[in-house]
Structures are given as C-alpha cells and as structure tokens.
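S.K.: This is the structure, below, for whatever I ask next.
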Amino acid sequence: MKYFNLQSYSASRIAQGCMRIASLSDKEIDTLIKTDLECGINFFDHADIYGGGECERKFGEFLKNNPSLKDQMIIQTKCGITNGYYDFSKEHIIKSVEGSLSRLGV
C-alpha cells in the first residue's frame, strides 16, 4: 500500500468510502473495516449526509466495539450540503461537525 503524509500521519492513498455502509449489517461492516485495515487501508471517508447520518452512526458503533482499532485510522468527514443546497455558514458547519463527532463517537 502506498501512503501520503498528512501532517504527522501516514494515510493510505486509497480511501474507503463509507457512503453506503448504512445498508450493511454490523457483521458486514466489521468484515469490511477489518479487511481494509489488514490490506493497509487506514483512511475512511464520511459525510454528514451519507445515509442521513446513519453511516457515521454505524461506523461509530464499530469503533465503540473495537476501540483498539481507532488509533490505526484516519477518519475524514465533510459537511456543507443541506436539503439539496450548499450551506457553508458558521452555524451549519459547527452543527454538522458536532453531529458527526457525536455519531462517530470521536
């Protein structure tokens, strides 16, 4: 696996997109994430709108059940889209970030 430096972190050049994990069972998510890590993929991409937040919640549940793996990961999430429109206001960004952190449990 090839990596790039992200400040003091080394991120895999391949990111696991988590847009569709809300449709997966807990066992499928467990297998997906653990297989990614075994293959050297440590970069996980989220957004607050993926699955209406359910993707972040399910990923957070995985982290809660596997706390020792959190330190092996780089987790990215994004915000700015609401109701089909872009909203980059300070209020929306803060609300989105707080929601994402809560759902991810980080």
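S.K.: Does the range 44-54 include one or more residues that are among the hydrophobic types (A, V, I, L, M, F, W, C) and in contact with a Phe, Trp or Tyr (Cβ under 9 Å, 6 or more places away or on another chain)?
M.R.: The answer is yes, given that some residue of the range 44-54 is among the hydrophobic types (A, V, I, L, M, F, W, C) and in contact with a Phe, Trp or Tyr (Cβ under 9 Å, 6 or more places away or on another chain).
S.K.: Being closer than 29 Å to K2 by Cα, among the small types (G, A, S) and surrounded by 15 or more Cβ atoms within 10 Å (Cβ to Cβ): is that true of S100 here?
M.R.: yes
S.K.: Could you give every pair whose Cβ atoms fall below 7 Å, whose first residue belongs to the range 74-96 and is of a type in the set (V, I, T), and whose second residue is in a loop (DSSP other than H, G, I, E, B) and surrounded by 11 or more Cβ atoms within 10 Å (Cβ to Cβ), counting only separations of at least 6 or pairs across chains?
M.R.: The qualifying pairs are I74/N42; I75/H46; I75/V106; T77/H46; T77/A47; T77/D48; I81/I49; I93/C79.
S.K.: Scan the range 50-69 and report the pairs whose first residue is surrounded by 13 or more Cβ atoms within 10 Å (Cβ to Cβ) and whose second residue is aromatic (F, W, Y), with Cβ atoms within less than 9 Å and a gap of 6+ or a chain change.
M.R.: Close Cβ pairs (under 9 Å, with a partner that is aromatic (F, W, Y)) amount to E56/Y50; F59/F44; L69/F62.
S.K.: Could you list all residues from the range 17-28 that are buried (at least 20 other Cβ atoms within 10 Å of the Cβ) and over 24 Å from D87 (Cβ atoms)?
M.R.: I21
Rule-based calculations on the coordinates, nothing more; no lab input. Bear in mind the structure is a predicted one, so any value in this text is a computation, not a measurement. Reconstructed Cβ throughout: ideal geometry from the backbone, glycine too, with neighbour counts over all protein chains shown.
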